[in-house]
Amino acid sequence: MKISAINGVPIAHHQGAGTLTDLAIADAAHAARGSSSPNEIISLMRYPEAPSTRAEASHWNQIELVFAPERPAHERDGRLAARGTPRQRSPRLAGARAEASRSGGS
């Protein structure tokens with residue numbers, strides 16, 4: 001998500017300590033601990049105490065909030081990762097694949 005103005009105030013020429021942009025970035029960086037918060041905040045400013053912030057000259061007129069894609073529920077709760085896919089956990093299928101590879105079949 002790219003933000004070019006906050007409450008009608010353009011980001012261009014309004015980045016620096018104490019500006020509205022500074023406050024917005026600080027709020028977003030503080031919120032970066034939640035599940036629906038940005039993974040990365042890109043602007044002209046970087047905050048050493050906030051590892052989610054990054055400074056880039058190309059962002060002189062905008063703040064960019066980067067969010068990680070939402071993972072499907074079965075990956076979030078770890079059930080699939082712990083058990084594997086049905087093909088991986090079926091001994092019958094695993095045996096059939098091993099037999100096929102020994103005989104040269106597929």
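Amide H contacts of residue 45: 56, each under 5 Å away and 5 or more positions distant or on a separate chain (H built 1.01 Å from N in the peptide plane; Pro and chain starts excluded).
The length gained on full extension between residue 27 and residue 47, counted as 0.36 nm times the residue separation minus their Cα-Cα distance, comes to 6.0 nm. Taking every alpha-carbon pair under 8 Å whose residues sit at least 6 apart, segment 2-66 reaches a relative contact order of 35 percent. With a simple spin-label model that places each label point 7 Å from the Cα along the Cα-to-Cβ direction, the separation between residue 64 and residue 9 comes to 2.4 nm.
None of the figures in this text is laboratory data; all of them are computed from the coordinates on show. Not measured: the values here are computed from a predicted model. FYI the Cβ positions are ideal-geometry reconstructions off the backbone, even for glycines, and counts take in every protein chain you see.
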